[in-house]
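Here is the structure we will look at.
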Amino acid sequence: MTAVAEAKIRKRVLPSPVTGQEVVLVGVIVVLWAALAVSTPAFLTAGSIQPLLVATAPVALIGVGMTIVIITGGIDVSVGGAIMVCSVLTAKALVEAEVGLAVAVLLSVAAGGLLGLVNGVLIAYGRVHAIIITFGTANLFMFLGLRIFGSGTVNGIPGTLAFFGRGPDGRTLGVPHAFLITVLLTAAAWWWLRHTAGGRHFFAIGGDAQAARLAGVRVQRRVLSAYVLTGLLVGLASCFVIAQGTSTLDQSVGAGKELAVIAAVVIGGTSIMGGRGSVLGTLLGALLVQSVASGVTQLGWRSQLSDLFVGIFIIVAVGADLLRARARRNR
Amino acid sequence: MSRAVRILLTQRIALLAVLIVAVVVTFFVNDAGGYLTAPYDFDYMSAALITAVPLAMLGLAEMLVILSGRGGIDLSVGAIVSLAGMVFGFAYGEWGWPLWLAILATAGFGALLGAVNGFLVSYIGFPALIATLATFYAYKSLAIVINDQQPISTEPIQELFSISRSVELPLFGEYVPDVPLGIFTFLLPTVVAVWVLLARTAYGRRLYAIGTNDVAARWAGLPVKDTRFKAYVYAGLISGLVAVVTVGQFASARPDAGVSGNGMALPAITIAVLGGVAITGGIGRVAGVVLATLLIVWLNAGILLAFVGNEGSQYQLLALGAVLVFAALLNGLTNRRYGGSAS
């Protein structure tokens, strides 16, 4: 086989590195930022962009795990509850045990991984649809979180996690660490999903789990690992959440975040039916949603109006994908 | 014996009935032993039924869309309750429409919001999870913006609180506890209507058919898209009625009524699944959803008395989650062991 033919086959096997959806998203974000820069001069300044990037980080980071879960044909609606457990546990450790940065991060990530393991075991080996199991565990996690809260809030959280925060300690050369870590992990996940056999297995499972099993993929273990990974990322993202907040953590932490993450994933072009998706799109989706929220506030509109735009973006993004799929079928 | 076990495992309604008896007996025993903070008796159980009204109605709404198959689900019911509730607040509280007209308009508005979901899912082909996630955000946002984040609690709205009072039943009322009025004005009519729709009309048979296998249903000449679209419209209609109930309960049209905290969609889906509605569509019965609601309502009511302060509401989350995971795992087990579907 000649090198040219081999290259051709390679091209056919691997999807293109950047999907059409991602190109469109970059375009939309550029247009949006340009429009906001024109209408509110304060938008394109470091003081406005840096908090925007910091706020994008937790949703985008969990989105990496959620993308992989959704690629396998599953879903995880328990991440909101998991954020609550990880962040209250870590906040309590910071206040009562005065642990350092590394211990706090390890604790949070380990707790998240454990919660992900619970989901993964139930879904992979219980053979029940993921949405039902995670609806159930969402309640269990919230119970756990509220029990750790006891009554009321966690007060007087020290600035140990300022490395991930909005302050000057949270930036290197003007780039917020939280966002940087998110971008690096997204890039790593992108490479893993695209260029390693293990990564391709997730797509195979989402395309046809039975066929994947017959082809030698250990389906249950792979599915389990997707939920554990999501849990680990929830743990890290919870550290970002604590660092972004004030010195008080209240019981509403994490509420509704599962839907925000799923929104970012589907705006990013990942198919909810499984088998198709990209973590790069998810990062862009999260950035777009946060840009809209930031823009709505800076334009002086009611902040809840940004949810309306999120809804419209979901419809447009997925609608465009549906039309493309229809065009592919008709060709 | 093994036959009894099999019936218990495969017939969801039998299992729920046994669980309800177990829950009630447990709390009666605890009550007799003096472990509860207040008496758990028939009066208390009857009063607790007021929380069953929105829960069971939305559970039935979810059942209709889940039955329609192809991943049917409606995340937007809570947001519809918020937005339709605000419309009801305007119509009845601000513009002074007569009550019957305002209720009719609210239900119609809910149906319209459901029709948007149905149009996206059935005619355009959106996955239901995505379409209703999008409309959840849109409706939630509109409900808050529409009246500038302010609730509507004018005098007529406040007087509506009377619909959530308890009444003595006629004829044999003095022998049984008073029952919340909402049971008769909203819940029972909805239950009967959904039951008639599913069990006694051609539409119901079509809905089960498209949920079981929509390709086969299409080849059999059934109007698949039309049938699925209507399921979402009915779900929206029921959510509109729940909006009226909720406004009455709060004595105020709150812009975040259906989405605050965990929202209303999550518990509604939980109730439907617990009631034996298969998430893959085509399987589910009205009686299952009603029994699942009773189980959760009476369990929650008991838990509230077994713990002091807000611990009770925390343990309610534990109970809901544990029961749902247990029911789901049981479904998986019975499907494998007995091959059949747990209905």
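Annotations for the structure displayed:
- Each residue was assigned an accessible area with a 1.4 Å probe, and for A:LYS92 the value is about 50 Å².
- Gained length - B:LEU104 relative to B:ASN310, 0.36 nm times residue gap less alpha-carbon distance: 70.4 nm
- Solvent-accessible area, 1.4 Å probe, carbon plus sulfur percent, for the range A:14-130: 78 percent
- Note on B:TYR208: accessible area approximately 40 square angstrom, rounded to 10, probe 1.4 Å, nucleic acids and ligands left out.
- Structural descriptor for chain A: relative contact order 32 percent, calculated from alpha carbon pairs under 8 angstrom and at least 6 residues apart.
- In the full protein context, the range A:141-228 carries 50 Å² of accessible surface per residue, based on a 1.4 Å probe and ignoring ligands, DNA and RNA.
- Accessible area per residue was computed with a 1.4 Å probe on protein heavy atoms; A:TRP191 scores about 140 Å².
- Net charge of the neighbourhood of B:SER141, taken over other residues with C-beta under 10 Å away and scored Lys/Arg +1, Asp/Glu -1, is +1.
- Separation of the range B:281-324 from the range B:216-254 is 24 Å, based on Cα centroids.
- Local net charge near A:GLY120, Cβ-Cβ under 15 Å (Lys/Arg +1, Asp/Glu -1): +3
- For A:HIS195 and B:ALA322, the FRET efficiency from 1/(1 + (r/R0)^6), where r spans their Cβ atoms and R0 equals 30 Å, is about 0.10.
- Taking amide H as placed 1.01 Å from N in the peptide plane, A:GLY268 has its amide H under 5 Å from the amide H of A:GLY285, each at least 5 places away in sequence or on another chain.
- Using the average count of surrounding beta-carbon atoms within 10 Å as a protection proxy, the listed peptides B:94-103, A:119-128 rank, highest first, as A:119-128, B:94-103.
- Where A meets B: accessible area buried, both sides, 1.4 Å probe, Å²: 3800 Å²
- Convex hull volume per residue for the range A:126-258, taking Cα atoms only, in Å³: 131 Å³
The values are calculated or read from the model by the stated rules, or taken from the named source; none is laboratory data. Being a predicted model, the structure only gives us computed values, none of them experimental. Because the Cβ atoms are built from the backbone with ideal geometry, glycine has one as well, and the counts that use them run over all protein chains shown. When the accessible area is computed, the model is the full protein with side chains, heavy atoms only, and any ligands, DNA or RNA have been set aside. Shrake-Rupley method; radii C 1.70, N 1.55, O 1.52, S 1.80 Å.
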